[in-house]
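Have a look at the structure below before the remarks.
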Amino acid sequence: TTEAVEVKLLPKQLEAVRFNRCLLLLSMGKIDESRAAADALASQYPDSVRPRLIQISLMLRDKKQASAAAGQLESLVAATSDEEQRAEAQLFLAQLQLDRGDATAATTLLESIDAVKGFPATVATLVAMHEQAGDDAAAARVLDEALDNVNELPIDDLSKSRLVEEIAAYRLRKGQYEEAAAVFQQLVGSGDLEADDRLAAMAHLVIALSWFDQESAEEHAMSLPATMGAEEIDPDELEDTEVPRSSRVRRLVIVDKAQQRADRKKSAADPEKRRRKRAVEREKYLKKLEEEGKYDPSKPVKPDAERWIAKKSRSYNKRGRKNKNKFSGAQGAGTVDSKDAEKLDAFARAKAKKEAEERAEEAPAGAKKKQPYRKKRH
């Protein structure tokens with residue numbers, strides 16, 4: 001049973017299991033069960049903010065209580081004294097502000113959280129938010145602060161080197177070549193990088209130096225491994241070579257699916273466009289038949305008037321055949337004679353009707369309409 005398993009767990013393990021179960025119920029949409037589990041957690045762990053955060057998440061799913069969720073979350077942040085738990089509540093509040101479109105408040109709050117300041121994930125998030133707002137100066141300020149305080153972070157040396165490398169790569173992309181070269185020089189001089197990462201940093205250092213210090217760039221390039229087959233390449237010929245272009249060019253455009261469907265329906269409903277398309281397809285088909293020797297444009301063949309009738313039921317296939325009235329075919333099909341064929345010919349019927357209407361209009365006004373014969377009753 002569940003109780004028998006919980007007895008065997010350590011307190012931290014039991015706490016993690018209970019919180020994960022509550023979050024799972026919330027993700028499954030079982031609101032009542034999740035609310036009951038959150039209330040139980042609040043009584044079992046009164047010093048933790050996580051049960052209260054789950055209860056606020058439940059409030060956000062209720063339209064009547066969603067408006068009061070932000071106020072309760074701010075009160076929870078103000079009432080929490082533990083730095084780590086207050087950081088959890090502040091991150092929740094920053095995400096809520098960002099979801100509601102207040103990016104400025106979310107950025108300001110995120111920058112004020114001391115528990116996560118300077119960490120790689122925080123730096124990357126803040127830089128992305130400042131760039132999206134168009135504030136490159138603020139993004140550069142965040143990177144400068146992270147670079148100055150990187151040695152104070154409670155992370156391993158490899159993670160620190162990766163953070164510095166990303167800062168240098170960002171400056172290189174932004175065209176800040178001298179600043180990027182200084183950071184890459186610092187990375188290459190440190191012994192914290194692995195062999196592949198150090199080689200990549202050296203290559204980026206050469207690229208950054210090539211923009212303002214050619215001699216130093218060539219000097220550092222000598223330490224890079226030689227490229228296979230590089231001796232066979234003529235630099236002048238390589239510069240004169242045209243840049244290869246792909247036949248399939250990607251166009252980054254915003255596609256309106258609804259507009260595309262409307263355009264397809266409009267084009268399909270255009271009779272003139274359909275006629276042009278059929279004419280083009282007919283020309284292609286006739287050209288194909290002509291190439292195969294099955295069609296001669298100088299000797300056009302009159303289409304068979306009975307081509308819509310089964311071959312065995314056509315008039316020219318019944319001549320001199322015994323038992324011509326005998327039916328042979330699929331069950332329920334029946335035979336089709338000339339009269340039946342005329343009934344099936346919609347074009348002939350429409351033509352006969354039109355001719356009858358024209359004759360009726362041309363008849364004299366005093367002419368009497370022929371009445372059908374009716375038998376007299378005695």
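General remarks:
- Residue that is nearest to S190 (Cα to Cα) [pool: residues in the range 112-135 that are open to solvent by 80 Å² or more (accessible area, probe 1.4 Å) and of a type in the set (D, E, K, R)]: K117
- Looking across the range 39-79, the residues that are surrounded by fewer than 18 Cβ atoms within 10 Å (Cβ to Cβ) and assigned to a loop (DSSP other than H, G, I, E, B) come down to Y45, P46, D47, S48, R61, D62, K63, K64, Q65.
- Residues within the range 141-165 that are touching a residue at least 40 places away in the same chain (Cβ under 8 Å) and either over 14 Å from V183 (Cβ atoms) or surrounded by fewer than 15 Cβ atoms within 10 Å (Cβ to Cβ) (or both), tallied: 0
- Residue list for the range 291-310, restricted to those being over 16 Å from L344 (Cβ atoms) and either exposed (fewer than 11 other Cβ atoms within 10 Å of the Cβ) or in contact with a Phe, Trp or Tyr (Cβ under 6 Å, 6 or more places away or on another chain) (or both): E291, E292, G293, K294, D296, P297, S298, K299, P300, V301, K302, P303
- Only one of A200, A217, A169, A208 that is surrounded by 15 or more Cβ atoms within 10 Å (Cβ to Cβ), under 34 Å from the mean Cα position of the chain (by Cα) and farther than 20 Å from A128 by Cβ: A200
- Some residue of the range 88-106 being open to solvent by less than 70 Å² (accessible area, probe 1.4 Å) and outside any helix (DSSP H, G or I): yes
The values are calculated or read from the model by the stated rules, or taken from the named source; none is laboratory data. Quick caveat, the model's predicted, so the values are computed rather than measured. Quick reminder, even Gly has a Cβ in these numbers, built from the backbone with ideal geometry, and neighbours come from all protein chains shown. All accessible areas refer to the heavy atoms of the entire protein, side chains included, with ligands and DNA or RNA removed. Shrake-Rupley method; radii C 1.70, N 1.55, O 1.52, S 1.80 Å.
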